[in-house]
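Colleague: What follows is a single structure, and I will ask about it in a moment.
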């Protein structure tokens, strides 16, 4: 447990920005607050000597995912502030039940683990080389599965984006050409 | 010779030895930060004046020559002007985000300098995953540009921000892919170890990565992607003055504008320093006979040379159209960096006791990269008419 003051500063910062991401009214502000929370988490990872995860968190979450979220928000025209609209769902009881369930699911493994009973031995910073070797040998199957999943997602996104030419093809004269009668039909039409 | 090489390191240790033991580690960090800010702040001031003068020469005019001798005090005048200007925030702007955007752009870029080795024993932190750290802290700049464009509540700003994000994301892919061969062949993400891997001399000439086929191709791919990544001409569409005023900078003035300006130049310096480290041997001297030169001097000479190339390119190449910009990245740079990856692999495995001649290795690598270059280059403009020579028969 990093028992220093900077941990508490960043922990409070992460909690505050995460709360802001849920409570702010403007979706773009929410996305920016979420990005700040991601960055704060990266700092906490770094303090825990998890260099690689910290940088990956910054690269992927702050650099890519928050941008993706912002694009999604802007493209769906959700950035207008609508005053008077209740943000939270009226079914707060359902929300509370879900929150308790999630807390329970997290609490069970945490309580059953050796967390808090003994202090973990001081780990040295795992070199990136070691992480790479482990990924390429022991965790090769999960890595390849994730790669496959991402490829599927990429192809899916490309397919969704490709739908546009199909629609324009309806208006395209090409389809009309196909409808043009053949010579035999024309002959049949002329003959009484 | 060795004293001159390590003069800054010795100066720092001497200064620390004068202090009580309790504050030494803290002061050591602060000294590193001050050194980086002072050096690159000065570089920023010098580059603005040199760039304006250089562009002036290219465009057949004088450039700034009124303030001080040869106009050298122009950056001072600019700074005073910028800082005393009124800070205008649009009425409809999102005040908080508008205020934060320049800070989010500038602060992370300073962090990127901390992993660069500027000379022998002269890097602020020796991170195991230095290259990764460099790109990770650069990730915030896209967010900052978006914040600036969106919070201004101005159509030009938003268009500029969207262009900038599309461009930065597209060019980050070739930028990172161009560095991967270097990481693969030096076997480390640590920038100090990458510099070490380029030490040694063959026939009196340094063994830098740029003197290998994959390094040569990678260096130019990296420089092109770096130009786009730092929003410089010919990739300066996000602030294309003739189209969208100043893009995401439209609603900024005074100190905040100066911060954006600073952030942009610092981003350029950071990728330049990285390219020197990755491909040009970092602080190593180019020839064995020049080894007596201080390491930091070698580094900054290379650094200045690349900055000069950037200025030269800015004065020479016209701005791209947006579809050309994206096609250039996805259809030219990305495939070429992937081919370059293969070249690096071939280069690596032909060195392992295969007993191949150096020239044969070069020939194989060239046979891979040159046709790819020609093919992808031709494919960029498929409807290009064949040139008809009227007078050259």
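The values are calculated or read from the model by the stated rules, or taken from the named source; none is laboratory data. Note that this is a predicted model, so its numbers are computed, not measured. All Cβ positions, glycine included, derive from the backbone under ideal geometry; neighbour counts span all protein chains shown.
Colleague: Test each condition in (1) within 9 Å of chain A (Cβ to nearest Cβ); (2) surrounded by fewer than 24 Cβ atoms within 10 Å (Cβ to Cβ); (3) under 30 Å from residue B:335 (Cβ atoms); (4) in contact with a helix residue (DSSP H, G or I) (Cβ under 6 Å, 6 or more places away or on another chain) for residue B:170 and report the one that comes out false.
Modeller: That leaves (1) as the condition not met.
Colleague: Those residues that are part of a loop (DSSP other than H, G, I, E, B) and touching a helix residue (DSSP H, G or I) at 6+ places or on another chain (Cβ under 7 Å), I need them from the stretch B:69-86; list them, please.
Modeller: Within the stretch B:69-86, B:72, B:85, B:86 meet the criteria.
Colleague: Could I ask something else about it? Looking only at the stretch B:87-99, filter to residues that are touching a helix residue (DSSP H, G or I) at 6+ places or on another chain (Cβ under 6 Å) and assigned to a helix (DSSP H, G or I); which one of those is nearest to the other protein chains (Cβ to nearest Cβ)?
Modeller: For the stretch B:87-99, the residue satisfying everything is B:97.
Colleague: Here's another thing I want to ask about it. Pairs please, first residue from the stretch B:30-41 and on the phi > 0 side of the Ramachandran plot, second anywhere and surrounded by 14 or more Cβ atoms within 10 Å (Cβ to Cβ) and assigned to a helix (DSSP H, G or I), Cβ atoms under 8 Å, 6+ apart in sequence or on different chains.
Modeller: Nothing qualifies.
Colleague: In the stretch B:100-129, how many residues are at pLDDT 85 or above, within 14 Å of chain A (Cβ to nearest Cβ) and more than 29 Å from residue B:248 (Cα to Cα)?
Modeller: Qualifying residue count, the stretch B:100-129: 1.
Colleague: If residue B:217 satisfies all but one of (1) under 23 Å from residue B:137 (Cα atoms); (2) modelled with pLDDT of 85 or more; (3) surrounded by 24 or more Cβ atoms within 10 Å (Cβ to Cβ), what's the number of the condition it fails?
Modeller: Among (1) under 23 Å from residue B:137 (Cα atoms); (2) modelled with pLDDT of 85 or more; (3) surrounded by 24 or more Cβ atoms within 10 Å (Cβ to Cβ), the lone unmet condition for residue B:217 is (1).
Colleague: Let me ask something else. Only one residue in B:163, B:153 is touching a residue at least 12 places away in the same chain (Cβ under 8 Å), out of contact with any helix residue (DSSP H, G or I) (no Cβ under 6 Å at 6 or more places or on another chain) and farther than 30 Å from residue B:194 by Cα. Which one?
Modeller: The conditions single out B:153.
Colleague: Would you tally the residues in the stretch B:178-235 being over 30 Å from residue B:318 (Cα atoms), assigned to a loop (DSSP other than H, G, I, E, B) and away from chain A (no Cβ under 14 Å)?
Modeller: 8
Colleague: While we're on this one: So which of A:72, A:64, A:50 is within 14 Å of chain B (Cβ to nearest Cβ), modelled with pLDDT under 85 and more than 30 Å from residue B:163 (Cβ to Cβ)?
Modeller: Result: A:50 is the single residue among A:72, A:64, A:50 that is within 14 Å of chain B (Cβ to nearest Cβ), modelled with pLDDT under 85 and more than 30 Å from residue B:163 (Cβ to Cβ).
Colleague: Turning to a different aspect of this structure: Go through the stretch B:70-97 residue by residue and tally those that are more than 26 Å from the chain's Cα centre (by Cα) and at negative phi.
Modeller: Here the count works out to 18.
Colleague: Right, another one. Just checking, how many residues over the stretch B:281-323 are touching a strand residue (DSSP E or B) at 6+ places or on another chain (Cβ under 9 Å) and touching a residue at least 24 places away in the same chain (Cβ under 8 Å)?
Modeller: Residues that pass the stated criteria total 6.
Colleague: Now for a separate question. Could you give me the residue pairs with C-beta distances under 6 Å whose first residue belongs to the stretch B:354-380 and is farther than 13 Å from residue B:344 by Cα, whose second residue is at pLDDT below 80 wherever it lies, and which are 6+ apart or on separate chains?
Modeller: So the pair list comes out as B:356/B:350.
Colleague: Go over the candidates B:157, B:151 one by one and state the one that is crowded, with 23+ Cβ neighbours inside 10 Å, more than 15 Å from the chain's Cα centre (by Cα) and facing chain A (nearest Cβ under 10 Å).
Modeller: B:151
Colleague: Given the criterion away from every other protein chain (no Cβ under 12 Å) and either outside any helix (DSSP H, G or I) or closer than 30 Å to residue A:135 by Cα (or both), identify the matching residue among A:37, A:42, A:18.
Modeller: One residue alone meets the criteria, A:37.
Colleague: Please go through the stretch B:114-137 and give me each residue that is within 19 Å of residue B:172 (Cβ to Cβ) and either out of contact with any helix residue (DSSP H, G or I) (no Cβ under 8 Å at 6 or more places or on another chain) or touching a residue at least 60 places away in the same chain (Cβ under 8 Å) (or both), ordered by number.
Modeller: Within the stretch B:114-137, B:115, B:116, B:129, B:130, B:131, B:134 qualify.
Colleague: Residue check: is residue B:231 surrounded by 23 or more Cβ atoms within 10 Å (Cβ to Cβ), within 19 Å of residue B:338 (Cα to Cα) and modelled with pLDDT under 85?
Modeller: No: the conditions fail for residue B:231.
Colleague: Right, next: How many residues are crowded, with 18+ Cβ neighbours inside 10 Å and facing another protein chain (nearest Cβ under 10 Å) if we restrict to the stretch A:21-34?
Modeller: 4
Colleague: Of the residues B:58, B:34, only one is surrounded by fewer than 17 Cβ atoms within 10 Å (Cβ to Cβ) and within 20 Å of residue B:112 (Cβ to Cβ); which?
Modeller: B:34 is the lone residue from the list that is surrounded by fewer than 17 Cβ atoms within 10 Å (Cβ to Cβ) and within 20 Å of residue B:112 (Cβ to Cβ).
Colleague: Next up: Could you run through the stretch B:113-131 and say how many residues are surrounded by fewer than 24 Cβ atoms within 10 Å (Cβ to Cβ) and not in a loop (DSSP other than H, G, I, E, B)?
Modeller: Qualifying residue count, the stretch B:113-131: 1.
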